[in-house]
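The values are calculated or read from the model by the stated rules, or taken from the named source; none is laboratory data. In this text, all values refer to a predicted model and were calculated from it rather than measured experimentally. All Cβ positions, glycine included, derive from the backbone under ideal geometry; neighbour counts span all protein chains shown.
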Amino acid sequence: MKRLVIGVLLAAVLLTGCGKKQETTNTPPAQGTNDNEYWPTSCGEVYSAITEDLAFRVSVEEKNGTVTDLAITPDNAWNVAGMERIFSINYVWSEASRAEWDAQMSGGGNLLTISEETGDAAIWCRSDGNVVCWRADSGEVQYARAVNPKEGEPFEGKLYHLLDGIAEDAVGAGVWNVTADGDLDADEAAEELLNQITANYCAVPKWVTWKPEDVVADGSNVYDHYQGEPENFCCGMGFLVKLAEPDGENGSYWRSGAGLETPDEDGYYGWGKAVHVKRNETGDWYVYDHGTGGYLVELPFKWEEATLAQLVEAFFETVGDTHEWQVPYYILALPREQLKALPALLKELTEAEAMELIGLLEKQAVNAKETGPWVADMLEDVLEEYSAYLAE
């Protein structure tokens with residue numbers, strides 16, 4: 001298992017072609033007809049055909065020829081299904097010509113292409129114009145003008161700005177698509193992943209609306225760790241983020257969830273994520289999920305079906321939140337008859353281990369209202385001779 005180099009750019013790992021000037025292959029063919037009066041329906045049908053299996057490609061070509069090519073998969077296709085319904089709701093469509101498309105192509109905006117992995121179906125639109133071009137699997141090419149009457153209002157814009165959200169979602173997923181050497185311990189792996197994610201945020205393409213001006217790693221902390229099989233851990237990751245327009249569209253990505261706090265004197269906002277990390281098929285660490293919080297490690301059994309022996313074993317294979325309160329909670333939630341087996345299990349432990357388990361069980365019995373007031377009295381009864389370890 002080879003350790004990845006910290007700071008690997010998103011461009012090199014995830015965004016094929018990003019950062020390189022290329023000859024564009026996105027220009028639609030010259031042939032085409034304009035005999036369909038139902039423009040949003042026709043374009044929407046092509047969109048449906050392309051996106052049906054949530055496996056297609058999106059590319060964005062900038063004015064300087066830089067192309068970001070993205071593979072869309074079910075793992076990053078978060079806002080894809082049903083998008084064609086918005087075509088007719090948010091936009092007024094009218095006939096356009098190849099000449100109008102060609103004139104628009106000479107502008108200074110970005111060209112977005114949505115296309116099938118295989119086949120001819122594709123849709124083209126630009127950030128600086130309203131003319132849209134699409135090609136069906138049959139090879140028929142059509143052009144139309146799609147105008148958003150609300151353009152200029154917050155989060156309203158051209159068809160390009162509706163569809164580039166698909167590309168931005170893929171970029172956002174790619175930022176977190178990182179791995180760390182499986183030989184690293186949990187704390188080291190968390191730092192390695194944090195540094196790679198930071199580098200990926202800094203390498204986000206210029207066309208992405210939420211692209212930060214700068215991102216600096218601000219530390220990680222592992223708060224839950226299951227050391228058994230399959231090993232996994234949860235951690236918090238902190239970042240310092242500098243934004244060009246934190247109160248506008250540029251800041252929308254960063255304000256979601258916990259939002260943004262007051263910036264420091266250098267203009268950096270504190271921003272963080274809770275992260276669940278697992279091992280992949282080769283044993284390396286990877287980011288399984290991330291969000292605003294609520295993650296705990298996964299154990300190799302369902303809580304509601306766990307036996308007392310499984311829970312006691314898990315207690316000594318975990319460090320952090322699951323160890324401190326999750327396992328004790330589920331032990332105390334077992335039927336009284338099952339808890340009577342606890343003294344026999346305690347005899348297999350060292351005195352220090354037994355005292356630690358009993359101490360956290362007692363803490364849970366006192367503090368967790370969910371277990372009911374009867375648990376504290378019952379605990380002394382089921383512990384038998386080990387009740388001497390109770391603090392009260």
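In the set Glu231, Glu249, only one residue is touching a residue at least 24 places away in the same chain (Cβ under 8 Å) and in contact with a Lys or Arg (Cβ under 7 Å, 6 or more places away or on another chain); that residue is Glu231. Look at region 90-106: where a residue is farther than 20 Å from Leu162 by Cβ and a partner is part of a helix (DSSP H, G or I) and among the aromatic types (Phe, Trp, Tyr), sitting 6+ places away or on another chain with Cβ atoms under 8 Å, you get Glu95/Trp39.
From the list Ala146, Ala203, the lone residue that is touching a strand residue (DSSP E or B) at 6+ places or on another chain (Cβ under 8 Å), touching a residue at least 40 places away in the same chain (Cβ under 8 Å), more than 28 Å from Leu296 (Cα to Cα) and buried (at least 17 other Cβ atoms within 10 Å of the Cβ) is Ala146. Leu162 falls short on exactly one of the conditions (1) of a type in the set (A, V, I, L, M); (2) part of a strand (DSSP E or B); (3) closer than 20 Å to Val80 by Cβ, and that condition is (2). Close Cβ contacts (under 9 Å, 6 or more residues apart or on different chains) running from residues in region 150-173 that are without any contact (Cβ under 8 Å) to a residue 60 or more places away in the chain to residues that are surrounded by fewer than 17 Cβ atoms within 10 Å (Cβ to Cβ) and part of a loop (DSSP other than H, G, I, E, B) comprise Gly157/Lys150; Lys158/Asp128; Tyr160/Asp128; His161/Phe155.
Take the conditions surrounded by 14 or more Cβ atoms within 10 Å (Cβ to Cβ), closer than 30 Å to Phe155 by Cα and of a type outside the set (S, T, N, Q) and apply them to Lys278. Does it pass? In short, no. Checked against (1) of a type outside the set (S, T, N, Q); (2) surrounded by 17 or more Cβ atoms within 10 Å (Cβ to Cβ); (3) touching a strand residue (DSSP E or B) at 6+ places or on another chain (Cβ under 6 Å); (4) assigned to a loop (DSSP other than H, G, I, E, B), Pro246 passes all but condition (3). Evaluated against (1) of a type outside the set (A, V, I, L, M, F, W, C); (2) assigned to a loop (DSSP other than H, G, I, E, B); (3) more than 22 Å from Ser94 (Cα to Cα), Gln196 falls short on exactly one condition, (2). Within region 136-156, one or more residues are of a type outside the set (A, V, I, L, M), under 28 Å from Pro74 (Cβ atoms) and within 27 Å of the chain's Cα centre (by Cα).
Is it fair to say Thr68 is crowded, with 21+ Cβ neighbours inside 10 Å, at pLDDT 90 or above and under 25 Å from the mean Cα position of the chain (by Cα)?
Working: crowded, with 21+ Cβ neighbours inside 10 Å: yes; at pLDDT 90 or above: yes; under 25 Å from the mean Cα position of the chain (by Cα): yes.
For Thr68, the condition - crowded, with 21+ Cβ neighbours inside 10 Å, at pLDDT 90 or above and under 25 Å from the mean Cα position of the chain (by Cα) - is met.
Of all the residues in region 80-99, those that are under 20 Å from Glu151 (Cβ atoms) and part of a helix (DSSP H, G or I) number 7.
If you go through region 332-348 one residue at a time, do you hit one that is out of contact with any strand residue (DSSP E or B) (no Cβ under 7 Å at 6 or more places or on another chain), in a helix (DSSP H, G or I), among the hydrophobic types (A, V, I, L, M, F, W, C) and exposed (fewer than 13 other Cβ atoms within 10 Å of the Cβ)?
So the first thing to find is which residues in region 332-348 are out of contact with any strand residue (DSSP E or B) (no Cβ under 7 Å at 6 or more places or on another chain), and the list is 332-348.
Then keep just the ones that are in a helix (DSSP H, G or I); that gives 332, 336-339, 342-346.
Okay, now just the ones that are also among the hydrophobic types (A, V, I, L, M, F, W, C), so 332, 339, 342, 344-346.
With exposed (fewer than 13 other Cβ atoms within 10 Å of the Cβ) added as a condition, the list becomes 344.
Looking for residues that are out of contact with any strand residue (DSSP E or B) (no Cβ under 7 Å at 6 or more places or on another chain), in a helix (DSSP H, G or I), among the hydrophobic types (A, V, I, L, M, F, W, C) and exposed (fewer than 13 other Cβ atoms within 10 Å of the Cβ), one finds at least one in region 332-348, hence yes.
Kindly check whether there is at least one residue in region 100-112 that is touching an Asp or Glu at 6+ places or on another chain (Cβ under 9 Å), more than 21 Å from Gly82 (Cβ to Cβ) and part of a helix (DSSP H, G or I). Among the residues of region 100-112, at least one is touching an Asp or Glu at 6+ places or on another chain (Cβ under 9 Å), more than 21 Å from Gly82 (Cβ to Cβ) and part of a helix (DSSP H, G or I), which makes the answer yes.
Being of a type in the set (A, V, I, L, M) and either more than 30 Å from Phe239 (Cβ to Cβ) or touching a Leu at 6+ places or on another chain (Cβ under 8 Å) (or both) is the filter here; which residues of region 289-333 pass it? Before you say what the answer is, go through the steps one by one.
Step one: filter region 289-333 for residues of a type in the set (A, V, I, L, M), giving 296-297, 299, 306, 308-309, 311-312, 314, 319, 327, 331-333.
Within region 289-333, Ala306, Leu308, Ala309, Leu311, Val312, Ala314, Val327, Ile331, Leu332, Ala333 meet the criteria.
Leu184 - would you say it is of a type outside the set (Phe, Trp, Tyr) and either assigned by TED's automatic domain parsing to the domain that holds Val80 or buried (at least 18 other Cβ atoms within 10 Å of the Cβ) (or both)? Considered against the rule, which asks whether it is of a type outside the set (Phe, Trp, Tyr) and either assigned by TED's automatic domain parsing to the domain that holds Val80 or buried (at least 18 other Cβ atoms within 10 Å of the Cβ) (or both), Leu184 comes out as no. Contact annotation: residue pairs with Cβ atoms under 7 Å, 6 or more positions apart or on different chains, pairing a residue in region 177-200 that is more than 21 Å from Leu240 (Cβ to Cβ) with a partner that is of a type outside the set (A, V, I, L, M, F, W, C) and buried (at least 22 other Cβ atoms within 10 Å of the Cβ), are Ala186/His225. Restrict the check to region 285-307 and report whether at least one residue is assigned to a helix (DSSP H, G or I) and either surrounded by 20 or more Cβ atoms within 10 Å (Cβ to Cβ) or aliphatic (A, V, I, L, M) (or both). Within region 285-307, not a single residue is assigned to a helix (DSSP H, G or I) and either surrounded by 20 or more Cβ atoms within 10 Å (Cβ to Cβ) or aliphatic (A, V, I, L, M) (or both). For region 108-143: of the residues being free of Cβ contacts under 8 Å to residues at least 60 places away in the same chain and closer than 17 Å to Ala96 by Cα, which is surrounded by the fewest Cβ atoms within 10 Å (Cβ to Cβ)? If we take residues in region 108-143 being free of Cβ contacts under 8 Å to residues at least 60 places away in the same chain and closer than 17 Å to Ala96 by Cα, then Asp128 is surrounded by the fewest Cβ atoms within 10 Å (Cβ to Cβ). Checking every residue in region 217-224 against the condition of being buried (at least 16 other Cβ atoms within 10 Å of the Cβ), over 20 Å from Val275 (Cα atoms) and among the β-branched types (Val, Ile, Thr) gives zero matches.
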